[in-house]
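The values are calculated or read from the model by the stated rules, or taken from the named source; none is laboratory data. Computed from a predicted model, the values in this text were never measured in an experiment. Counting neighbours? That spans all protein chains shown, and the Cβs are built from the backbone with ideal geometry, glycine included. Keep in mind that these areas ignore ligands, DNA and RNA; they rest on the heavy atoms of the full protein, side chains included. Shrake-Rupley method; radii C 1.70, N 1.55, O 1.52, S 1.80 Å.
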Amino acid sequence: MTSETTNSPMRRALPSMSVLGPVLALIVLVVIGASLNANFLGTANITNVLARSAFIGIIAVGMTFVITAGGLDLSVGSMAAFIAGLMILVMNAALPSLGVGVPIILLGMAVALLAGLVAGLLNGFLITTLGIEAFIVTLGSMGIYRSLVTWLADGGTLSLDFELRTFYRPVYFDGILGISWPIIVFAIVVIVGELLMSRAKFGRHCAAIGSNESVAHYSNVDVNRTRLLTYAMLGLLVGVATIMYVPRLGSASASTGLLWELEAIAAVIIGGTVLKGGFGRVWGTVIGVLILSLIDNILNLTDLVSPYLNGAIQGVIIILAVILQREAKAKG
Amino acid sequence: MTSETTNSPMRRALPSMSVLGPVLALIVLVVIGASLNANFLGTANITNVLARSAFIGIIAVGMTFVITAGGLDLSVGSMAAFIAGLMILVMNAALPSLGVGVPIILLGMAVALLAGLVAGLLNGFLITTLGIEAFIVTLGSMGIYRSLVTWLADGGTLSLDFELRTFYRPVYFDGILGISWPIIVFAIVVIVGELLMSRAKFGRHCAAIGSNESVAHYSNVDVNRTRLLTYAMLGLLVGVATIMYVPRLGSASASTGLLWELEAIAAVIIGGTVLKGGFGRVWGTVIGVLILSLIDNILNLTDLVSPYLNGAIQGVIIILAVILQREAKAKG
Amino acid sequence: QDETTVIGVSIPAATHGWAGGMNFHAQETVERLEETYPELDFVLTAASDAGAQVNDIEDMVATRGIDALVVLPFESDPLTPPIQSVAESGTWVTVVDRGLSVEGIEDLYVAGDNPGFGRVAGEYMAEQMPDGGDIVVLRGIPTTIDNERVAGFEEAIEGSGINIIDMEHGNWNRDDSFNVMQDFLQKHDQIDAVWASDDDMAVGVLAAIEAAGREDIQFVLGGAGMKEMVQRVMEGDDMIPADVTYPPAMIATAIEMTAVGLVSNAPVSGTFTIGSVLITEENAEQYYYPDSPF
Amino acid sequence: MTDAPVLSLRDVRKSFGPVEVLHGVDLDLRAGEVLALIGENGAGKSTTMKILAGYQPATSGRILLDGEEVSFGSLHEGEEAGIVMIHQEFNLAEQLTVEQNIFLGRELHNGWFLDKARMRRLAREYLDRVNCTVHPDTRVSQLSNSDKQMVEIAKALSRDARVLIMDEPTAVLTGSETETLFEQVRAMKADGTAILFTSHKLGEVAAIADHVTVLRDGAVVHDGRAADIDEDGMATAMVGRDVSDLYPDKAGAPDDVVLRVTGLDVPGHAEGVGFELRRGEILGIAGLIGSGRTEAMEGLCGLRPARAERIEIDGAKIDIRRPSDALEHGLCYMTEDRKLRGLLLDKSMRVNLTLQSLDQFGGLMIDRAAEERALDRAIEEFDIRAGRREMRVGNLSGGNQQKLLLAKVMMSDPSILIADEPTRGIDIGTKQQIYAFLRTLAASGRAVVMISSEMQEVIGLADRVLVMRLGRVSGTLSGDEITEDAIVRLAMGVGAGDSERAA
Ligand SMILES: Nc1ncnc2c1ncn2[C@@H]1O[C@H](COP(=O)(O)OP(=O)(O)OP(=O)(O)O)[C@@H](O)[C@H]1O
Ligand SMILES: Nc1ncnc2c1ncn2[C@@H]1O[C@H](COP(=O)(O)OP(=O)(O)OP(=O)(O)O)[C@@H](O)[C@H]1O
Ligand SMILES: O[C@@H]1[C@@H](O)[C@H](O)OC[C@H]1O
Ligand SMILES: [Mg+2]
Ligand SMILES: [Mg+2]
């Protein structure tokens, strides 16, 4: 076929500038940080920032799938608090019989993963099988988990037995080859997530569902199952994040994980995933998470006019980061 | 051209059960409330609940249009706090020159309306003209306004001059024919909103944009302008809500309006408006607002196992209210 | 090592009245001390939850090389290990208000007294109502602080004939407290007094009572020493006969003691408890700070 | 062709709510045979096809697969049985790429991972089979309608069907693309595939079908070998009356110029487009797919960024920046893409009908009763057949959606109508009515521009024909110059030998 006229669709997907947008924003932030403070690029600071990004990061990877498939989950923050509380309660309770040691840590981890999975499945079930708007289901479960952890903690703080905490602490603070565990786990979650999203059937099906549910259905994609899986996976990842979180603070209370859901969703969107579904990228989410963490970090590097205005600066940077992305897209 | 097959006007506008869903949920709550406490249906309690609902309610009416047109606004709560703060500052500053009296109240009101309008236009501008995801824009402005009010209040509370407050107080607590002003204003906003949504061009256009933006564009709907208007209108209504709010306690602080955005969005969705846009109903939103207020009211009027669990009960009821609606819809 | 000594100050964000007052005092003190002592440099951060506060402290250590840390822990348990590691690295640590879960970490502890806060309030109630009576209680945000206060209060009224007929969370928030109080007024025909446990909450409670026009409530007892409330005590307002202090300015004391200690080479260590004091018409004047935002 | 049927329907009925749309349909598909199912808009063709493929359950009746009664519990079972369907409405996920769509639900694996290389290669092969040059990594949302259709066809070809069902596959295709499709159909037929298809282009039916079944109002009214019925016969069987005079007489000498466009540029699509439109005439615009006809007219009407040296209406220079400017001057564009740009599929007919002209229905408040009256008139005038008046427009038959779209555009009472592919998916009887309608419109002192990829329609209806090539006007024909050959030459560039993708 000799048609000169079918030109346009031939242009192959060059790494469009929209791809570079978030990366660019990140680079700008790093440059600002480095110019403000000599220690910014030091190992200690980088380790700190990456390790603390891990919680939201791990959750945001799961959120990327949920949003790509056209869903939303507002409950992750309070779910994390609840799981942390549960984990602490169970571990404290098992202490007399199991003693301080690896088994009790494994028990705690198993509880976290299981609770996360069940919580995710529950959200997913209400959303898919009963067909209730995701916003409502997860707003409801957000209230429920937050309330439950307050109740478990009797209004105060649930704390891991101190000895146990000392034993568990290395899971946050140590690592291999100088790289701490949260960073390693985060990296693994990201790699697996990226592969799942871009190289596996699951990722494609998520995008298809988010793009057009009935087309996916007509193409033999099990819409409900796939969507349920995204919530289950997110729940599981909340469990994983909690496993990393508990050794850091050794406690859980009504304020644990507050607003994590907003941060996770923001990271996903800053990363270029479409809020209404149909397109998602895990690596973008990572960039989004790093951008958010760096903003906080940079605000601590210098003395600002007033700490009251931190929130305003954060807000402005978030909007700017996304404008940059759009502008880049427009030009590209 | 004949039309034997058009089965001429079968228009029986039977109220579909999906319409009855939220109403049913509301009725169930009222029955529960009445059976738990004798004062529940008393004028005083009803007035209290309605007047309190007015803030979120007025905002939620605006939010209904934003969501129907396929948008979202997370900034309304902190916008309200900021406007309240601004209003108080301006009124206190004008006190020496204007003195206590109607003019200063009118000045305050004008400031609130203007600030709301400008804030709404700003959100709308970033979303429509610059084409940035509404979630990001309003998440950003949420941080900005919250920060600004904290800064204005120097971290503390901005309080209206005491004398001024005494003069302004009736705007919340008094009314005509025993109906207090917030209720009257809320009712007016609802009626105008309902007419706009279901009988005016504007409502049609919002639904069209939310349903399919490019169809709307090809049908001579000015997509950007209409969408901008929804945000502007929401901003204006936040201003109206603030005018009712300030006389109640005469103060604003960083915690004013916290989470109002979630409550407003929840009310809209409970009322049957579709989160992804394309369909909205104002009267449903009113029911949603009342359901949310009644839950709190009932929880306070009865003795529950533990107040820690209030959030859980709220969560469950929100989900149940929407399940009821879906079930009803399935049957209807 | 250069000449300047860096002091990190980490506090919870100004999310409500008392915390706002505390933020105000912290900033004001930092500014004042920076001017007085050119050799001192301050890093001030405000966190919105415990995790964020740990981040702030990590950042101070990693990028600002702080020599001393003044910290008002968001919560005791989660902040204990991070502060402990700061202390172990040789940095001076001053803890304010909420104590750590492990003893002996801090060099200086400027303590608030939460059980005492509840106790003073309870004792006042018992004294005002010798024949007992029915009261309602508004509690703060569910936290250990709140639990300690309520426990202290309940202990103090035990056996006094005072009944707590209802208790809900007003979350140290005016609006929430207004709503809760409105509903309490619907639910109970006779309420003798209210323990609002915080002055912000007292504001909401008073507005609700005023609007309902109820005469049965004799008085409302708040707490923390908000200036408007202190003023009303001073003026002899019947509804607000007293208040219980919990001065947000304790952060200023802590920062100042730390700074002076570092500069003078005569560091002050130990524990300074800032007890909760009852404010009444007689002594109100000395607790009234018209320039504070709180 | 005489074997037992592969797939049959026996006395199949289908109701949507209270409305029965199929009243006992019998149908037989045989291996190696092409069955054409034809009928008016709303006759029930798509519904029949969906039932056969397992997309919708029948209300009653039986489906026989190799003589055995089956009931497809899920789509999967239909596909397991080797039944593949190409829908009338696109069934592609817009945000996914061509390759992702082709393999959606049947992705190939290489161990744990997707075998992207192989899928891409195979996608390329399937696309090549239908002469489609789009890159497999292109997002579907970037494709033109005809490319989308070719992707759908490629997707269907990839499934090695025993039974291939195609619902109006050629509606958005050009002649040469249709020919490419038919080559594939013949090859599959030779391989023993049973094929069911429908089209409103009866010439195609005559060219490819072995057997023809005609549906009218949900019942089979004719069933026989294709050789035994000619196009007129088909039309008569479908419509129930004679439709041999498809095109109305052309008008006499056209009047004064109502629209003059010079130097219209639509960045990326068209350049220096200029033409004149006279009162009372129908101006046809022909050209290859992608020649920028749609974009040029959308640009003219302010629907996409464009600039022009000069636009005159009734001799006065005007400025069109946004769609409302065009409408104010009586210039109205009717889109070729009814699903993505034309109609709100989840809304009712009433809402769709009046959306563009709400100003006519009351000032502040919309006059519902007036809207209902307008709908009554539109249903009558455009013969829109809907089961129920309140049904979502997405559930109307394709042709009836098209009629509603025309009615919607006419609500704004344009003095200049630009109709883009106005008869896409319209049955022959209604086509005749639409042609008559456009002619009457022109005769009433207005003017019509008709973009069309159907050569016969352009020749039969237009007073003058403007031909576009590569975004530019390559010539204008009038009177006796309007011949297929002349149009093709202009569309292809002088001397072009083959008529590849000719409109
Ligand atoms: N989901 C549905 N709900 C209600 N009515 C429907 C639905 N699907 C189809 N119909 C109705 O069934 C009838 C037959 O529609 P169908 O789509 O089968 O027609 P068709 O022969 O394919 O017409 P066309 O040539 O216009 O595509 C129409 O009246 C249509 O409105
Ligand atoms: N949404 C789109 N995004 C990107 N390119 C597009 C889009 N729609 C069309 N194109 C491309 O623009 C060019 C012109 O479009 P189009 O095919 O609509 O022109 P046309 O002359 O109107 O042809 P026809 O109307 O017969 O399809 C083509 O190359 C087409 O592939
Ligand atoms: O925030 C709390 C405040 O409101 C209370 O009054 O005192 C202790 C503080 O931590
Ligand atoms: Mg059809
Ligand atoms: Mg076209």
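In this simple spin-label approximation, C:Glu210 and D:Glu309 carry label points 7 Å from Cα along the Cα→Cβ vector, and these lie 7.6 nm apart. Annotation: amide H of D:Val258 within the under-5 Å range of D:Leu277, D:Arg278, D:Arg279, sequence separation 5 or more or interchain, hydrogens built in the peptide plane. For segment D:5-239, the per residue solvent-accessible surface stands at 35 Å², with DNA, RNA and ligands left out and a 1.4 Å probe. Taken along the Cα-to-beta-carbon direction at a fixed 7 Å, the label points for D:Asp115 and D:Asp11 span 4.8 nm. State the Cα centre-to-centre distance between segment B:145-166 and segment D:412-431 in whole Å. Cα centroid of segment B:145-166 versus Cα centroid of segment D:412-431: 63 Å apart.
Surface exposure of chain A, expressed per residue as accessible area with a 1.4 Å probe, stands at 36 Å².
When peptides B:93-104, D:148-159 are ranked by their average number of other Cβ atoms within 10 Å per residue, the highest-first order is D:148-159, B:93-104.
Dipole magnitude for the protein assembly as shown: about 4520 debye, using +1 per Lys or Arg Cβ and -1 per Asp or Glu Cβ, origin at the Cα centre.
Specify the inter-centroid distance of segment B:31-52 and segment A:94-130, based on alpha-carbon positions, in whole Å. When both Cα centres are located, 42 Å separates them.
Rounded to the nearest whole Hz, the Karplus-based 3J(HN,Hα) values (6.51 cos²θ - 1.76 cosθ + 1.60, θ = phi - 60°) of segment D:466-473 follow the sequence 9, 10, 10, 8, 6, x, 10, 6, with x at glycine and proline. Shown for segment A:52-331: the carbon plus sulfur share of the solvent-accessible area, taken with all protein chains present and a 1.4 angstrom probe, equals 70%.
Measuring heavy-atom accessible area with a 1.4 angstrom probe and counting protein chains only, the residues of segment C:280-294 that give up at least 30 Å² relative to the chain alone are C:Pro293. Exposed loop sites were defined as GluC sites (Glu not before Pro) in DSSP loop states (anything but H, G, I, E or B) carrying at most 16 other C-beta atoms within 10 Å; in chain C the longest segment without such a site runs C:40-102.
Along the axis of the charge dipole computed for segment D:242-288 (Cβ charges of +1 for Lys and Arg, -1 for Asp and Glu, origin at the Cα centre), the listed residues D:Phe275, D:Gly263, D:Leu246 are led at the positive end by D:Gly263.
Under the combined filter of DSSP loop state and at most 10 neighbouring Cβ atoms within 10 Å, segment D:10-104 retains none of its GluC sites (Glu not before Pro). By a 1.4 Å probe calculation restricted to protein chains, D:Tyr55 has an accessible surface near 40 Å², given to the nearest 10.
Judged by the ratio a/c of the largest to the smallest principal axis of the C-alpha gyration tensor, segment B:44-122 counts as oblate, that ratio being 1.5 or greater while a/b is no larger than b/c. About its Cα centre, segment D:191-285 has a charge dipole of approximately 240 debye under the convention of +1 per Lys or Arg Cβ and -1 per Asp or Glu Cβ, with nothing else charged.
Phi angles of segment D:35-48 translate, via the Karplus equation with coefficients 6.51, -1.76, 1.60 and θ = phi - 60°, into HN-Hα couplings of 9, 9, 9, 10, x, 5, 4, x, 5, x, 5, 4, 4, 4 Hz per residue; Gly and Pro are given as x.
Shown are D:Leu340, A:Leu106, D:Leu27, whose ranking by accessible area with a 1.4 Å probe and every protein chain present, most to least, is A:Leu106, D:Leu340, D:Leu27. For the protein assembly as shown, the share of DSSP beta bridges that are antiparallel, to the nearest 5, is 45%. Helices in chain B, meaning DSSP H runs of at least 4 residues, each add -39500 (n - 2.57). Divided by all residues, the mean residue ellipticity at 222 nm is -24500 deg cm²/dmol. Total buried accessible area between B and D, probe 1.4 Å, nearest 100: 3300 Å². Using a 1.4 Å probe over protein heavy atoms, the accessible area lost on pairing A with B, summed over both chains, comes to approximately 3600 Å². Nonpolar atom fraction for chain D, defined as the carbon and sulfur part of the 1.4 Å probe accessible area, stands at 46 percent. Mean sequence separation of contacting Cα pairs (under 8 Å, at least six apart), scaled by the length of chain D, corresponds to a relative contact order of 17 percent. Dipole orientation for segment A:52-331: of the candidates A:Ala153, A:Ser253, A:Ser75, A:Ser75 has the Cα lying most toward the positive pole (charges on Cβ; Lys, Arg +1; Asp, Glu -1). Taking a ≥ b ≥ c as the square roots of the eigenvalues of the alpha-carbon gyration tensor, segment C:9-114 is classed rounded because a/c is under 1.5.
Averaged over peptide D:91-101, the number of partner chain Cβ atoms lying within 10 Å of each residue's Cβ comes to 6.
Our helix-only sum for chain D, with -39,500 (n - 2.57) per DSSP H run of n ≥ 4 divided by its residues, gives a mean residue ellipticity at 222 nm of -9500 deg cm²/dmol. When nucleic acids and ligands are ignored and a 1.4 Å probe is applied, B:Trp283 ends up with an accessible area of around 80 Å².
Can you tell me the 0 to 90 degree angle between the C-alpha axis of helix C:76-88 and the longest principal axis of chain C, rounded to 10? Between the helix axis and the principal axis of chain C, the angle is about 20 degrees.
For the pair segment C:1-58 and segment D:359-385, the centres of their Cα atoms are 68 angstrom apart.
Computing FRET efficiency as 1/(1 + (r/R0)^6) for D:Ala369 and B:Asn92, where r is the C-beta to C-beta distance and R0 is 60 Å, gives about 0.65.
Select from chain A the helices, each a whole stretch of DSSP H, whose alpha-carbon atoms run 20 Å or more along the helix axis and whose Kyte-Doolittle mean is at least 0.5; answer none if there are none. Going by DSSP H runs, the hits are A:17-36, A:43-68, A:76-98, A:102-128, A:134-152, A:181-199, A:223-249, A:282-301, A:310-331. Per residue of chain C, the DSSP helices (runs of n ≥ 4 H) give a summed -39500 (n - 2.57) that works out to -13500 deg cm²/dmol at 222 nm.
Backbone geometry of segment D:476-490 corresponds, through the Karplus equation with coefficients 6.51, -1.76 and 1.60 at θ = phi - 60°, to 3J(HN,Hα) couplings of 10, 10, 9, x, 6, 5, 6, 10, 4, 4, 5, 5, 4, 4, 5 Hz, x marking Gly and Pro. Given R₀ = 41 Å, what would the calculated FRET efficiency be for C:Thr36 paired with A:Thr166, taking r from the Cβ atoms and rounding to 0.05? E between C:Thr36 and A:Thr166, to the nearest 0.05, is 0.50. Since only C:Val260, C:Ile11, D:Thr178 are under comparison, the one whose Cα sits farthest along the positive direction of the charge dipole of the protein assembly as shown, derived from C-beta charges on Lys, Arg, Asp and Glu, is D:Thr178. Among all the lysines, which ones have a C-alpha under 28 Å from D:Lys431's C-alpha, if same-chain residues fewer than 8 places away are not counted? Reachable lysines: D:Lys14, D:Lys45, D:Lys50, D:Lys148, D:Lys201, D:Lys250, D:Lys339, D:Lys347, D:Lys403, D:Lys408.
Against chain D, whose longest principal axis comes from its Cα atoms, helix D:368-382 is set at around 70 degrees. The H on the amide N of D:Arg469, modeled in the peptide plane, is under 5 Å from the matching H of D:Ser474, each at least 5 residues off or on a different chain. Pull out a ≥ b ≥ c, the square roots of the eigenvalues of the alpha-carbon gyration tensor of segment A:52-331, then state rounded if a/c is under 1.5, prolate if not and a/b is larger than b/c, and oblate in the remaining case. Because a/c hits 1.5 or more and a/b fails to exceed b/c, segment A:52-331 counts as oblate.
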